[in-house]
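One structure is given below, encoded as C-alpha cells.
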Amino acid sequence: MEPLRHKLVRVVKDAALRAIEAGALPSVGLPEVTVEHPQNPDHGDYACNIGLRMARSAQMNPLEIARHVTEHMSAVDELGATSVAPPGFINMTISDAWLKQQVETVLAEGKTFGNIDKGSGRRVQVEFVSVNPTGPVHIGHARGAVLGSTLANVLTAAGYQVEREYYVNDAGNQMDSFYRSLYARAAQSLGLEIPMPADGYMGDYVTETAAAILAESPDRAALEALVRNDADAATRAMGQAGLAKMLDLIRHDLAMLNVEFDVWFNEQSLFDSGQYAEAIRRLRDDGHLVEREGATWFTHASLDDDKGSVIVRSNGAPTYFASDVAYHHDKFLRRKFDHVIDVWGADHQGHVRRMKSAVEALGIDPERLTILIAQLVTLRRGDEVIRLSKRTGDIITVREVVDEVGSDVCRFFLLSRSADSQMDFDLELAKNESEENPVYYVQYAYARIAGIRQRAADRGFDPDLSRGDVSLLGHEAELALVRKMLLLTEIVELVAVSYEPHHLPHYAQELATAFHWFYKECDVLPDRDPNLPPELTAARLKLVEAARIVLARTLDLMGMSAPERM
RNA sequence: GCGCUUGUAGCUCAAUCGGACAGAGCGCAGCCCUGCGAAGGCUGAGGUUGCGGGUUCGAUUCCCGCCAAGCGCACCA
C-alpha cells in the first residue's frame with residue numbers, strides 16, 4: 001500500500017498546477033511539494049508548506065497562495081477538512097469515514113500490511129557484523145548485527161530484493177595470529193613449552209577451543225604427533241579446525257539474537273577466484289596505482305590525502321584494503337548488486353572515504369555504496385565500565401547478554417538509538433528496569449490483544465469477524481489507533497530511505513500507547529457492560545485484529561517476538 | 001595537529017528536505033481497579049536545544065568559529 005502522504009503530495013501539486021492554469025497563481029516553477037505531519041494535532045494530520053515555499057518566486061502572500069491552492073484541490077475520499085493557516089500552511093485532516101474503512105484494508109493485506117513498492121525488486125546487499133573469526137561475537141558487535149538485520153527486514157518490506165551477508169576475514173595477519181595462538185595452546189596442553197605469540201589471543205576460549213579440537217579430532221594421535229613435530233603443519237591444521245569452530249560459534253550466537261545471513265562470504269575466495277587480480281588490474285590500467293618505497297599505493301583525485309593508501313606491501317602481500325577493494329569489485333561487478341550497504345563499527349570510520357574512492361576508481365557510481373557507521377557501545381554494570389578486548393580476553397559475548405536480558409530486550413535497546421550516537425548498555429538497568437521497560441510496554445499491548453481474542457473465542461464470538469461493520473467505529477481512541485496503524489507504511493519508507501531503523505522502536509511505542517488508550521476507553525467484549533451492543537463488539541473485534549496485525553508486523557520488522565502471554 | 005560522529009528536560013533518547021507551542025520513556029508530584037490482564041490509563045512540574053556569530057519569512061536542523069566527549073589518523077584488520 002502506498003503511503004497516504006504520496007497521494008496528498010499529488011493532490012496538492014495538481015491543485016497548484018490548476019491554480020496556475022486558471023491564472024490564480026503566476027506561472028512560476030513549482031517548488032518541491034512536500035507534506036508532513038504537524039507537531040500540533042490541532043493542525044490536522046498533514047500539512048503542506050507550498051505557500052511559504054512559493055511566496056518568493058510568486059511574489060505573493062504565502063497565505064494567499066495556500067488559499068488558491070486549497071480552492072483548486074480536488075475532493076478525495078481520504079480527506080475531510082482542509083484549511084489554511086498563517087503564515088501559509090495548508091492543513092489537511094483525514095476523513096473519519098475513510099479512516100474507519102482502513103481497518104478493512106489492514107485486514108485484507110494481513111501480514112503484508114506495511115509493505116511498499118519503493119525498491120521495485122532492485123537488488124540490495126546488506127553486509128554486517130563481519131567480525132574476524134578469531135573469537136566469539138561480543139556485545140559491541142551486537143549493535144551492528146541488530147542494525148543490519150533490521151535494515152534488511154525493512155528493505156525487504158520496502159520492495160527490495162535483499163541479501164544479508166557476513167564477510168569472513170579468513171585471510172590476513174590477525175587470522176595467522178589466532179592460528180598460532182591455537183597451536184601454542186594445543187602444544188602447551190601436551191606439556192610442550194611453546195610460548196604464546198606476542199600478538200596472540202589470550203582469552204580462555206582459545207585454550208578451550210584448542211582442547212576441543214584435539215578432543216574431537218578423528219585421529220587424535222596423529223594430530224598430537226603433528227603438534228609435537230611439525231609446528232607449521234600443526235598450525236595450519238589447528239587453524240582450519242579453529243576457523244570452522246569459531247564460525248559455528250558466531251553463527252549460533254547471532255542466531256540467538258535472531259540474526260541470520262543468506263551468504264557467508266570468504267575473503268580467501270577473492271584471491272582464489274581471480275577477483276583480486278582483476279580489481280588490481282583494473283585500478284592499474286586506469287592509473288590509480290603508484291609504486292613507491294617498494295609498495296603499491298592507491299591514489300584517487302577525490303582523496304586530498306596525497307599519500308594514498310598501501311594496497312600491496314613491499315613484501316608482495318596485499319593489505320586488507322586490497323581485499324576490500326576486491327570484495328567490492330565482486331559485489332558490484334561480478335554479483336551486480338544495484339545497491340550495497342556496509343555496516344561498520346566506528347573504529348573503521350577512517351576508511352569510509354577511501355573505500356568510496358576505490359569504488360569510484362573501479363568505475364562504479366559511489367552513490368551505490370552506503371557505509372553506515374555504528375558508534376561504539378560501552379557496556380557497563382551500574383557504574384562499572386566493562387572493557388572489551390578480544391586479545392586480552394576481556395569479552396562479554398552476545399550469548400551472555402542474551403542469556404541475561406533476552407534477545408527482545410537486547411534488540412529493542414540497541415535499536416532505539418540512532419546509529420551515530422554512542423551509547424551505554426547498562427546490563428543492570430536492562431534487567432532491573434524490566435518492570436517498566438518499553439519492551440514490555442510494547443509487548444504487553446500485544447498480549448492484551450491476544451487476551452481479548454482468546455476470551456472472544458471462549459465466549460463464542462464470530463471467529464471470522466465477517467459480521468463486523470467498521471463504520472460503527474468512531475470513538476476518538478479508535479480513530480487515533482487507526483491513524484497510528486496507517487503510519488507503519490510511512491515508517492517503512494522512512495527507514496528504507498534514511499537507513500535509520502531507530503524510528504521503528506519509537507513507532508512501536510506510539511502504536512502501543514494508542515492501543516492501551518483504546519483498551520482503556522473502549523470495551524470490546526460485554527464483560528463489564530452487559531448492554532454493550534453486539535454490533536459494536538463485532539466492529540471492535542475487527543479493529544483489534546487489525547491492530548494485532550500491525551503490531552505483530554512492527555515487532556517482526558525489529559526481529560522481536562510477539563508474545564500471546566507474558 | 002588533522003578527519004568522522006556526538007552535545008536537546010534530573011537520566012536515556014526522539015524530532016521525517018529548514019516549519020506553526022521542541023516530544024516520548026524512566027524518575028518526581030497527584031488521580032483512576034467489584035468485570036476484556038493495573039506489565040495499564042489520566043493530570044502536573046521540569047528546556048536560553050553546549051557557547052558565540054551568520055544565512056532565512058522561519059534554525060535543534062544549514063554555514064563559520066569556539067568549548068567538551070567518543071572514535072580514527074600503520075606496508076594491523
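Structure summary
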quantity: Residue that is nearest to A:MET560 (Cα to Cα), among those in segment A:440-461 that are among the hydrophobic types (A, V, I, L, M, F, W, C) and in contact (Cβ under 8 Å) with a residue 40 or more places away in the chain; calculated: A:VAL442
quantity: Counted residues, segment A:1-44 - those being within 27 Å of the chain's Cα centre (by Cα), in a loop (DSSP other than H, G, I, E, B), within 16 Å of RNA strand B (Cβ to nearest atom) and surrounded by 13 or more Cβ atoms within 10 Å (Cβ to Cβ); calculated: 4
quantity: Residues of segment A:500-536 satisfying the condition of being under 39 Å from the mean Cα position of the chain (by Cα) and in a loop (DSSP other than H, G, I, E, B); calculated: A:GLU500, A:PRO501, A:HIS502, A:CYS522, A:ASP523, A:VAL524, A:LEU525
quantity: Exclusive hit being surrounded by fewer than 21 Cβ atoms within 10 Å (Cβ to Cβ), part of a loop (DSSP other than H, G, I, E, B) and within 29 Å of the chain's Cα centre (by Cα), set A:GLY135, A:GLY200, A:GLY159; calculated: A:GLY159
quantity: Residues satisfying the stated conditions in segment A:448-467, i.e. away from RNA strand B (no atom under 14 Å from the Cβ) and open to solvent by less than 70 Å² (accessible area, probe 1.4 Å); calculated: A:GLY460, A:ASP462, A:LEU465
quantity: Options A:LYS111, A:LYS118, A:LYS100; residue that is under 30 Å from A:LEU465 (Cβ atoms) and either crowded, with 16+ Cβ neighbours inside 10 Å or free of Cβ contacts under 8 Å to residues at least 60 places away in the same chain (or both); calculated: A:LYS100
quantity: Residue within segment A:340-358 that is away from RNA strand B (no atom under 11 Å from the Cβ), among the basic types (Lys, Arg) and surrounded by 19 or more Cβ atoms within 10 Å (Cβ to Cβ) present; calculated: yes
quantity: Residues of segment A:103-157 classified as touching a Gly at 6+ places or on another chain (Cβ under 7 Å), farther than 19 Å from A:VAL401 by Cα and hydrophobic (A, V, I, L, M, F, W, C), total; calculated: 5
quantity: Filter result for the condition that a residue is within 31 Å of the chain's Cα centre (by Cα), farther than 30 Å from A:ILE386 by Cβ and open to solvent by 10 Å² or more (accessible area, probe 1.4 Å), over A:ARG123, A:ARG56, A:ARG67; calculated: A:ARG123
quantity: Residue that is farthest from RNA strand B (Cβ to nearest atom) [pool: residues in segment A:405-427 that are surrounded by 14 or more Cβ atoms within 10 Å (Cβ to Cβ) and more than 15 Å from the chain's Cα centre (by Cα)]; calculated: A:SER407
quantity: Test for A:ALA211: is it over 29 Å from A:ALA317 (Cα atoms) and open to solvent by 30 Å² or more (accessible area, probe 1.4 Å); calculated: yes
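The values are calculated or read from the model by the stated rules, or taken from the named source; none is laboratory data. This is a predicted model, so every value here is computed, not measured. Note: ideal-geometry Cβ built from the backbone for every residue, glycine included; neighbour counts use all protein chains shown. For accessibility, only protein heavy atoms count, side chains too; no ligands or nucleic acids. Shrake-Rupley method; radii C 1.70, N 1.55, O 1.52, S 1.80 Å.
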